[in-house]
């Protein structure tokens, strides 16, 4: 059965990838002593002024277990697995409550747009997408509400965290000087991650105990223990139920405290535990690969703009440009006519010259028309939000945009890194400060 992959949702900068909980089907765990059917109205946990039902927990356990099994990951002991999934539900419940208090709302249009993106990512129209979801054992409306919850939570995170994250030019320059070498840019790393969390305000004894557990886990992994299984069993990280998989990342996409360690690792290595405010991090380097170059095609172009107003409508603007095009065809100079007629004061003084233009810099209708022109060819009238344009392409060139790419990438990755680090702390603080009463007795033993 094909697997649906989720595209990053529109208007949300911190979207998490759905794991099989959204797609794996509501399967009953055959290896567990309890099933979703046995849980009707029992309360698994009280979370602030809300509850998590035992049936809700059992369904989530079954769904995540189905996904792990499909990836050939052995399930941990029942009690450990239930605790992991319950903690996930608690964190989600706390975020949903906070989003409601903050007035975060998501329109049906935004949800529909995100679903359409997911469908396109999988090469399906909406009808085919709904059928595929059904084939994988999940009600489409349940899937749709999961998408809505994801958007809400990520908008909350953007509001709570994103606005506080700033990236200075000095940070970018330092980043480029110290972290991005030619070799760094050619290598991507596939990493596994396990977090042994430490609560804020933990005692020295508690910290020592967590450190000892981190060392024990590291030693077991070095002796051949399965990393995915270990992550599912012991990790408190956001990727725990995905086997601790962080995916493919370059060094500049990693949290700062990981970079120097990963640089020194070989494939298969398990690093010593790395201490952070959130706990102890254990990394395994699964694989490495290269990255592609950043060659772009720049276009040298010029234009003449006629704006519309109460005196000049669309038809009149087009007629003026057609008359100007006729004069150019008869031998008049484009630059002189641009200076005399163009309403774009910035380029008119330069004879309409826009200089060398990178892809994505101009509005789509202008860029589309420009891309279809041969060198020295002049377009017909082209409409954009600014008015009507006559466009001429003077030249094209391929350029290695690595320097600009690195700078933009540095800004993005510093921001992502800060957001990732802040999110981990924010979630831990949210959990530590919340009132949570776990009612499922077996999980309190």
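The values are calculated or read from the model by the stated rules, or taken from the named source; none is laboratory data. Only a predicted model underlies this, so the values are computations on that prediction, with no experimental measurement involved. When we count neighbours, we look across all protein chains shown, and the Cβ atoms used for this are built from the backbone with ideal geometry, even at glycine.
Remarks
- Within region 349-388, if we keep just the residues that are more than 38 Å from the chain's Cα centre (by Cα) and at positive phi, the residue that is surrounded by the fewest Cβ atoms within 10 Å (Cβ to Cβ) turns out to be 376.
- Any chance residue 91 is surrounded by 18 or more Cβ atoms within 10 Å (Cβ to Cβ), touching a residue at least 24 places away in the same chain (Cβ under 8 Å), touching a helix residue (DSSP H, G or I) at 6+ places or on another chain (Cβ under 7 Å) and outside any helix (DSSP H, G or I): no
- Looking across region 164-183, the residues that are modelled with pLDDT under 75 and surrounded by fewer than 16 Cβ atoms within 10 Å (Cβ to Cβ) come down to 177, 178, 181, 182, 183.
- Evaluated against (1) closer than 30 Å to residue 398 by Cβ; (2) assigned to a loop (DSSP other than H, G, I, E, B), residue 267 falls short on exactly one condition, (1).
- Top-ranked residue of region 327-348 - restricted to ones that are assigned to a loop (DSSP other than H, G, I, E, B) and out of contact with any helix residue (DSSP H, G or I) (no Cβ under 7 Å at 6 or more places or on another chain), ranked as surrounded by the most Cβ atoms within 10 Å (Cβ to Cβ): 344
- Residue satisfying condition, being more than 24 Å from residue 64 (Cα to Cα), modelled with pLDDT of 90 or more and surrounded by fewer than 16 Cβ atoms within 10 Å (Cβ to Cβ), within set 225, 204, 214: 204
- Annotation for region 234-247: at least one member residue is part of a helix (DSSP H, G or I), outside the structural domain of residue 339 (by TED's automatic domain parsing) and either within 23 Å of residue 202 (Cα to Cα) or free of Cβ contacts under 8 Å to residues at least 40 places away in the same chain (or both).
- Flag for residue 133 being closer than 24 Å to residue 424 by Cβ, assigned to a helix (DSSP H, G or I) and not assigned by TED's automatic domain parsing to the domain that holds residue 418: no
- Region 426-445, subset exposed (fewer than 15 other Cβ atoms within 10 Å of the Cβ) and at pLDDT 80 or above, residue farthest from residue 165 (Cα to Cα): 439
- Out of 67, 72, 117, sole residue that is modelled with pLDDT of 85 or more and either under 21 Å from residue 237 (Cβ atoms) or buried (at least 20 other Cβ atoms within 10 Å of the Cβ) (or both): 72
- The condition (being under 25 Å from residue 421 (Cβ atoms) and either in the same structural domain as residue 425 (by TED's automatic domain parsing) or in contact with a strand residue (DSSP E or B) (Cβ under 9 Å, 6 or more places away or on another chain) (or both)) is satisfied by just one residue among 93, 166, 149: 93.
- Which numbered condition residue 324 fails, given (1) free of Cβ contacts under 8 Å to residues at least 60 places away in the same chain; (2) in a helix (DSSP H, G or I); (3) more than 19 Å from residue 396 (Cα to Cα): (1)
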